[in-house]
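Undergrad: First the structure, which I've put down as structure tokens, then a few questions once you've had a look.
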Amino acid sequence: MGDVSVARGATSKLGQVEGDLRVGQAAGIEPKDKVIQVAGRVICEGDAEFHGSLSCSEFSARHGKIRIEGDLNAKGEVTVEDGQLAIDGSLEATRVSVDKALRIGGNARADDFDVGGILEVRGTISGKKVDVGGSFKVQGTADVEEVDVGGTVDIVGLVKSAKLDVGGMARIGGGEVSKDVDVGGKFESTKPLKFSKIDVGGLATLVEGGEGGDVDVGGKFESRADLSFNSLDVGGMASINGNGKGVQVDVGGLLRVSGSLTLEKDLDIGGRAYIGAELRLDSLDVGGSIEANQIIAQKSIEVGGDLKTIKGAKGDTVELGHGSRASGPIVAREVTVGHGGEVEDVYADKLEMEHGSRARNLYFREGVIEAGVHVDGEVLYADTIEASPDVKFAKPASKVNDLPKAPL
């Protein structure tokens, strides 16, 4: 049998077609066996239904809704112009192009998927590129090198991809994105994610944490488990429910870490920071306030507002802003307390208490204590002290050979 044509509105029972198969508007095809075998092309003019699986060299349709009640296996391309394609089973082709909607009940495999509206896959999908104008949904895993979607993405299973580019919202089931996650609105990974870069305009959530490179979020970022990263840059609020480990963090508003945070370089916070355990880093700059169990900085600690620790804060230099309140011991080579500030115990080589500030105990080698300073406990120094006459000492300052050992 060579080329075969099925007339408009007709139903034909076919087995094997040696040539092309042309299907008219509203026609139906029933298989003599389980699969309709077409050696050539299948060409549909309008709506059509295939009541079984279909195998062909190429598949094309125009201006209609196509239903295949089985698998579609095409050696070449699958093209649907100004129409929709629904496949109850699986799809395999080299390239797939559908103008409106493509729905697949099983697995999907092709080098390229180009869908103008909706792509839904109830099984797994694999290929080189998926390009969807509207929404992309996958119930299983997605092994696709590049995903580019204008609207929304919802992948329940694991993702293995080089690039995920979504204009609106994306939710994935964890996995690995080796290059970029670029989402305009909201992004969520429900399982651990390995990534190179996450760039999200609004809200980003890693439900089970992750491991990767740079995170850049315009609004809010949340990791609900341990997170390791290179840089974390968030415009609004960032939180890690667990431990964080990375190179540097820059948050415009609020940072919360329930466990410890370890950084190779800097932590820069415009607002407030709360660290449940230890903060260990190169340098710290907080415009507002910070709370931690303990802070260890290799270089500087600069806090504009309050500094609250249980075990204390240690750095090469510590500078507290005007009116700052500090709890917990402070240990540094050089400490400056801004005017009106309050500290507890300070251990320093060089200390400056600006006017109107207050302390509990001071231990230093060289110190300058300005007017209006109150010290409620003891003042011990090893080398020199310059104190204004109206400084109020609970006990006279005493010069000692050996200063008490710092707690950090």
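The values are calculated or read from the model by the stated rules, or taken from the named source; none is laboratory data. Remember, predicted model here, so these are calculated numbers, not experimental data. Note: areas computed on protein heavy atoms with side chains; ligands, DNA, RNA excluded. Shrake-Rupley method; radii C 1.70, N 1.55, O 1.52, S 1.80 Å.
Undergrad: Note down the accessible area of residue 398, probe 1.4 Å, to the nearest 10 Å².
TA: Accessible area of residue 398: about 50 Å².
Undergrad: Taking Cα centroids, how far is the stretch 272-329 from the stretch 335-408 in Å?
TA: Between the Cα centres of the stretch 272-329 and the stretch 335-408 lies a distance of 19 Å.
Undergrad: Another question, if that's okay. Can you tell me how the stretch 68-137 classifies by the Cα gyration tensor, rounded, prolate or oblate, using a/c under 1.5 as the rounded cut?
TA: Rounded, since a/c falls under 1.5.
Undergrad: Keeping the other protein chains in place, figure out the carbon and sulfur percent of the accessible area of the stretch 1-64, with a 1.4 Å probe.
TA: 42
Undergrad: Against the empirical 2.2 N^0.38 Å scaling, what ratio does the C-alpha Rg of the stretch 289-364 come to?
TA: 0.92
Undergrad: Based on the alpha-carbon gyration tensor of the stretch 1-120, what equivalent-ellipsoid semi-axes (square roots of 5 times the eigenvalues) come out, in whole Å, largest first?
TA: The equivalent ellipsoid of the stretch 1-120 has semi-axes of 20, 15, 13 Å.
Undergrad: When we measure straight from the Cα of residue 220, which aspartates and glutamates land under 13 angstrom away, once same-chain ones fewer than 8 places off are left out?
TA: 188, 199, 233, 250
Undergrad: Can you pull the percent of the stretch 255-370's accessible area that's carbon plus sulfur, 1.4 Å probe, other chains left in place?
TA: Here carbon and sulfur together make up 39 percent of the probe-accessible area.
Undergrad: Could you work out the equivalent-ellipsoid semi-axes for the stretch 241-286, taking the square root of 5 times each eigenvalue of the Cα gyration tensor, largest first, in whole Å?
TA: 14, 13, 8
Undergrad: Given 75/100; 186/245; 128/245; 34/163, which pairs have Cα atoms separated by over 30 Å?
TA: The pairs that break the limit, which is 30 Å between Cα atoms, are 128/245; 34/163.
Undergrad: Report, as a whole number in µm² per second, the diffusion coefficient that Stokes-Einstein gives for the stretch 28-182 at 20 °C and 1.002 mPa s using the Kirkwood radius over alpha carbon pairs.
TA: D = 140 µm²/s.
Undergrad: Where the eigenvalues come from the Cα gyration tensor of the chain, what are the semi-axes √(5λ) of the equivalent ellipsoid, largest first, in whole Å?
TA: Those come to 72, 15, 12 Å.
Undergrad: Return the long-range amide H neighbours of residue 213 (sequence gap of 5 or more, or a different chain), with a cut-off of under 5 Å between placed amide H atoms.
TA: Residues meeting the amide H criterion: 195, 196, 197, 230.
Undergrad: Where only protein heavy atoms count, and the probe is 1.4 Å, what is the accessible area per residue for the chain in Å²?
TA: It amounts to 43 Å² per residue over the chain.
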